[in-house]
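Heads up, the thing below is written out as structure tokens.
The values are calculated or read from the model by the stated rules, or taken from the named source; none is laboratory data. All figures in this text were calculated on a predicted structure; none of them were measured in a lab. Here the Cβ is made from the backbone with ideal geometry for all residues, glycine too, and neighbour counts use every protein chain on show. Accessible surface areas use protein heavy atoms only, side chains included; no ligands, DNA or RNA. Shrake-Rupley method; radii C 1.70, N 1.55, O 1.52, S 1.80 Å.
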Amino acid sequence: MTHAAATVDQMLPPYPAERGLDVYNKKLGMWVFLASEVMFFAALIGTYIILRFGATGEWAKPGVVLNIKITAFNTFLLICSSVSMVKAYAAIQDGDPKKMRFWLLMTILGGAAFVGIQVYEYIHLIEHGFVPSGGREGSELAEKVAKGELPAATMGLYGSTFFTMTGFHGFHVTCGVISMAYLYFTKALPGKYSKQDYGGIETVGLYWHFVDLVWIILFTIVYLI
């Protein structure tokens, strides 16, 4: 018993314990996870920039292949969902779970709508012949390439980079929507969040703001430049 007690004492911090980061474990874990996500997307975006500006040939001009208007609306929708997440977080901090549930639901619906519009965009692009390998033979896009409206040399690179970056981001948004829906039905609706305990809302909010910021960067460099 004495040996066991001594072993336990060795596992305890010395008194007085040193002050840490003043951050609870879930929030710290999310920060570490987002740090890895920053490296992941930085690698994707950096590779895209190197491939695009190092390619021997012109790049497709904005708006010729992609629908900028519908994607701009989708971007606005995602930004609005980020605002609603802020309001959900502020509501539970103020001790108002009813408003928190409303704004969290609005965030979930906004994220789901973003994913739905992106799926619609993919279907529309594939129908017109834009695939990860470039322009599908015999498609409307292939005709534009034949007419010289689109550069043939870089279409394969254009398609692969577009679907890779937007696809990975769409996957992250989908994961965020699923996570928020889980919190909504298992924590928010049953009333398990309070002014003193709202860790799940804060951590998923950090993730949601991150994917929002990443999309603004992707929209700018892929659709507008």
**Asked** Just for the Cα atoms in the range 14-113, what are the lengths along the principal axes, largest first, rounded to whole Å?
**Response** 65, 41, 15
**Request:** Taking the chain as the reference, fit the longest principal axis to its C-alpha atoms, fit the long axis of helix 199-218 to the helix C-alpha atoms, and give the angle between the two in degrees, 0 to 90, nearest 10.
**Result:** 20 degrees
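Count charges around Gly205 for me, please; just the other residues with Cβ under 14 Å from its Cβ, Lys/Arg as +1, Asp/Glu as -1. If you can, show how the numbers build up before the last one.
Numbers: positive: Lys26, Lys27, Lys87, Lys187; negative: Glu202, Asp212.
Neighbour charge sum, excluding Gly205 itself: +2.
Tell me the per residue accessible area of the chain using a 1.4 Å probe; a whole number in Å² is fine. Mind dumping the intermediate values first?
On the way: 12870 Å² over 225 residues.
That works out to 57 Å² per residue.
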**Request:** Place +1 on the Cβ of every Lys and Arg and -1 on the Cβ of every Asp and Glu in the chain, take the dipole about the Cα centre, and give the residue among Ala88, Ile217, Val131 whose Cα lies farthest towards its positive end.
**Result:** Ala88
**Cα pair distances in the range 87-151, grouped into 5 Å bins until the bin that holds the longest one, percent each** = 4, 17, 14, 11, 9, 8, 7, 7, 7, 8, 6, 3, 0
**Prompt:** So for the range 159-225, what are the equivalent ellipsoid semi-axes in whole Å, largest first, each being the square root of 5 times an eigenvalue of the Cα gyration tensor?
**Reply:** 31, 12, 6
**Request:** Per DSSP H run of at least 4 residues, take -39500 (n - 2.57); add these up for the chain, divide by its residues and hand me the 222 nm value, nearest 500 deg cm²/dmol.
**Result:** -23500 deg cm²/dmol
**Asked** Placing +1 at every Lys and Arg Cβ and -1 at every Asp and Glu Cβ, with all other atoms neutral, what dipole size does the chain have around its Cα centre, in debye to the nearest 20?
**Response** 440 debye
**Note, ³J(HN,Hα) from phi for the range 48-62, Karplus 6.51, -1.76, 1.60, rounded to Hz, x at Gly and Pro** = 4, 5, 5, 5, 5, 7, x, 6, 8, x, 6, 9, 4, 6, x
**Fill in**
Long-range amide H partners of Val131, meaning residues 5 or more apart or on another chain whose placed amide H is closer than 5 Å, are Arg136
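Going through the range 135-225, which GluC sites (Glu not before Pro) have at most 16 other Cβ atoms within 10 Å and a DSSP loop state?
Details: sites: Glu137, Glu140, Glu143, Glu149, Glu202; in loops: Glu137, Glu149.
Of the GluC sites (Glu not before Pro), the ones in loops of the range 135-225 whose Cβ has at most 16 other Cβ atoms within 10 Å are Glu137, Glu149.
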**Request:** Quick one: compute the contact order of the chain, relative version, from alpha carbon pairs under 8 angstrom and 6+ residues apart, as a percent.
**Result:** 29 percent
